[in-house]
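Presented below is the structure to which this report refers.
The values are calculated or read from the model by the stated rules, or taken from the named source; none is laboratory data. Being a predicted model, the structure only gives us computed values, none of them experimental. Here Cβ is always computed from backbone atoms with ideal geometry, including for glycine, and neighbour counts include all displayed protein chains. In case anyone asks, the SASA skips ligands and DNA or RNA and just uses the protein heavy atoms, side chains included. Shrake-Rupley method; radii C 1.70, N 1.55, O 1.52, S 1.80 Å.
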Amino acid sequence: DNERLSTTNFEDLTYDISGLIVPSDGDERELDSVPTWEMLMNPAAIAEETGERLTEVWEAVHLRFEAAFLCLIAVLIGHAAMISGRFSRFGATRQIVLGIALLVLVKLVESAVAEPVHDNGQLWPLAYLPSVVGLAVALLLIRRAAAPFRPGKAPAEDPA
């Protein structure tokens, strides 16, 4: 109305949220903040320091390694799904959907083994089952891409 420009300074928009933050007492570390190397070298001391059971410390170590393996498995499955398909004018939608479905399968296996591993520390090898399943799936897809199955056609005879 009066053709004046109004401005807002930063001081007008500050909010004090320090009351929302609860400071820790600093005595105990959380298990998530402990380096893996420390957990491997002295798991009993880490369990005592964090207030967790020794089996939970070992579970955390194995799940950290499993998470790294799952990253590699996801890449392998994606690559294997892409090379397993044939050329199509319509694109690579089938391969992408196949890759996503197989990754969902691996995550379902991961969800299925999470609770038994958490409940019983002796079952720690089960933590690596999703990676084994994912690797098997990727190898099957790569094998299929290397020697595709063609129904109705007999395999070629070896001339030797």
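Observations
- For region 64-118, filtering for residues that are within 17 Å of the chain's Cα centre (by Cα) and small (Gly, Ala, Ser) leaves 9.
- Any pair with Cβ under 7 angstrom, 6 or more apart, that starts in region 74-102 at a residue that is without any contact (Cβ under 8 Å) to a residue 12 or more places away in the chain and more than 15 Å from ILE142 (Cβ to Cβ) and ends at one that is open to solvent by 70 Å² or more (accessible area, probe 1.4 Å) and assigned to a helix (DSSP H, G or I): ALA92/MET82
- When VAL97 is tested against (1) touching a Ser or Thr at 6+ places or on another chain (Cβ under 9 Å); (2) in a helix (DSSP H, G or I), only condition (1) is not met.
- Note on region 39-51: among residues that are of a type outside the set (A, V, I, L, M, F, W, C) and open to solvent by 70 Å² or more (accessible area, probe 1.4 Å), the one that is farthest from VAL106 (Cα to Cα) is GLU48.
- Scanning region 80-94 for residues that are among the basic types (Lys, Arg) and in a helix (DSSP H, G or I) yields one hit, ARG94.
- Within region 100-119, the set of residues being loosely packed, with under 14 Cβ neighbours inside 10 Å and either β-branched (Val, Ile, Thr) or touching a strand residue (DSSP E or B) at 6+ places or on another chain (Cβ under 8 Å) (or both) comprises ILE100, VAL104.
- Test result for ALA60, outside any loop (DSSP other than H, G, I, E, B) and either over 21 Å from ASN120 (Cβ atoms) or touching a residue at least 60 places away in the same chain (Cβ under 8 Å) (or both): no
- Only one of the numbered conditions (1) free of Cβ contacts under 8 Å to residues at least 24 places away in the same chain; (2) part of a loop (DSSP other than H, G, I, E, B) is violated by GLU115, and that is (2).
- Odd one out for ILE77, checked against (1) modelled with pLDDT under 90; (2) open to solvent by less than 60 Å² (accessible area, probe 1.4 Å); (3) assigned to a helix (DSSP H, G or I): (1)
- Number of the condition not met by ARG86 [criteria: (1) under 29 Å from ALA145 (Cα atoms); (2) touching an Asp or Glu at 6+ places or on another chain (Cβ under 9 Å)]: (2)
- Test: residue in region 23-35 that is in a helix (DSSP H, G or I), under 23 Å from VAL109 (Cβ atoms) and of a type outside the set (Val, Ile, Thr): no
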